[in-house]
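Visitor: Quick one: structure below, then a few questions.
The values are calculated or read from the model by the stated rules, or taken from the named source; none is laboratory data. In this text the structure is predicted, and so the values were computed from the model without any measurement. We place every Cβ from the backbone using ideal geometry, glycine too, and count neighbours over all the protein chains shown.
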Amino acid sequence: MTESMTLTKATQTEANPKPAKPHLPDAQIVTAVKHWTDKLFSFRVTRPKSLRFRSGEFVMIGLMGDNGKPLLRAYSIASPNWDEALEFYSIKVQDGPLTSKLQHIKEGDEIILRPKPVGTLVHDALLPGKRIWFLATGTGIAPFASLMRDPETYEKYDSVIMMHTCREAAELEYGRQLVENLREDELIGEMVEGKLFYYPTTTREDTAQMGRITDNLSSGKVFADLGLPPMNPAEDRVMVCGSMAFNIDVKAVLEGFGLREGANSEPLEYVVEKAFVGEGV
Ligand code: FAD
Ligand code: A2P
């Protein structure tokens, strides 16, 4: 059982036995909140009974604005589709219309969640392959937090490689703990054993593993470090989620390996989604 699941169960049984009934249309109740740094937090909310989604998809969530209208933003669902609750991993933009407020939510609060999941980071958008690479910067790890916890990922691929890069080590912690808990999970632990490769790097703080994802792919360092063959279109499939600049640069690297961008309507070798719109906080 993962730490986040334990957290939810504890929250529901001890602190908040019966989540209050939401008042707003499309409202869900916050069941847990965890702050990772002064710029990052994750939270869990109740899941609408009717909500079905494919791991990797995003939904629109938000709060009531001061003008009485919903203030909504796109958010990747970070929890897997089998989970009874929904998890999100969020940036805190100090003057951001939504996250300047969202960062203060606590257990029992309501958020708005439009139950219409969409997105390109789904298994259906890729041709079958041997290895799947998840490439993320910053909060771009959110869709992969879902996909890494989905048994389908391990049924479809022999190897699953999670490359996550942030400026500093503290920003990697959500992903690091998620992977650690996954390895210890009673149900999924066995499935990921020997299959899940986690390759976190920093770029602005000295740590054991450093460097941009683009550089570690282009130089071949990641293949050497993990004992994997260089990326090739016959065997490797890739999902990308990061800043606009990262997405553009990594696409060029993937095309250099001979991979082509696919979509739900035309599955190929890689797919891309923006982690956010804009060029940084
Ligand atoms: P906004 O006005 O939306 O943004 C202000 C500025 O903050 C942006 O111009 C950008 O420079 C910066 N910024 C916004 N989001 C981020 C971010 N995630 N990382 C770094 N800088 C950022 N955000 C999440 O935190 N988690 C998610 O899972 C997530 N999934 C998304 C999925 C999609 C498909 C898209 C398009 C965006 C996603 N976002 C996610 C971004 C999210 O929609 C909002 O932009 C974010 O919550 C900030 O909202 P805001 O109203 O406070 O500020
Ligand atoms: P760097 O520190 O070298 O800029 P940000 O916080 O700016 O969104 O960046 C998150 C991570 O993504 C950082 O480690 C950053 O490295 C890296 N990054 C930013 N832009 C690119 C890019 N164009 N190509 C590869 N990595 C990038």
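Visitor: Kindly check whether there is at least one residue in the range 78-89 that is surrounded by 21 or more Cβ atoms within 10 Å (Cβ to Cβ), away from ligand 2 (no atom under 16 Å from the Cβ), of a type in the set (Ser, Thr, Tyr) and under 19 Å from Ala142 (Cβ atoms).
Guide: yes
Visitor: A further question follows. Step by step: first the residues of the range 113-125, then only those that are in a strand (DSSP E or B) and among the aliphatic types (A, V, I, L, M), then the one that is nearest to ligand 1 (Cβ to nearest atom). Which residue is that?
Guide: Across the range 113-125, the extreme among qualifying residues is Val118.
Visitor: Of all residues in the range 247-264, how many are crowded, with 17+ Cβ neighbours inside 10 Å and either touching a Phe, Trp or Tyr at 6+ places or on another chain (Cβ under 7 Å) or modelled with pLDDT under 95 (or both)?
Guide: Residues meeting the conditions: 4.
Visitor: Mind checking whether some residue in the range 118-141 is modelled with pLDDT of 95 or more, farther than 26 Å from Pro200 by Cβ and crowded, with 16+ Cβ neighbours inside 10 Å?
Guide: no
Visitor: Being among the polar types (S, T, N, Q), part of a helix (DSSP H, G or I) and either free of Cβ contacts under 8 Å to residues at least 60 places away in the same chain or within 16 Å of ligand 1 (Cβ to nearest atom) (or both) is the requirement here; does Asn264 meet it?
Guide: Spelling it out, it is not the case that Asn264 is among the polar types (S, T, N, Q), part of a helix (DSSP H, G or I) and either free of Cβ contacts under 8 Å to residues at least 60 places away in the same chain or within 16 Å of ligand 1 (Cβ to nearest atom) (or both).
Visitor: Would you say Lys92 is in contact (Cβ under 8 Å) with a residue 40 or more places away in the chain, within 16 Å of ligand 2 (Cβ to nearest atom), surrounded by fewer than 20 Cβ atoms within 10 Å (Cβ to Cβ) and not assigned by TED's automatic domain parsing to the domain that holds Pro151?
Guide: Yes; evaluated as a whole, the condition is true for this residue.
Visitor: Within the range 245-259, which residues are of a type in the set (Asp, Glu) and either closer than 18 Å to Cys166 by Cα or not in a helix (DSSP H, G or I) (or both)?
Guide: Once the filter is applied, which keeps residues that are of a type in the set (Asp, Glu) and either closer than 18 Å to Cys166 by Cα or not in a helix (DSSP H, G or I) (or both), the range 245-259 yields only Asp249.
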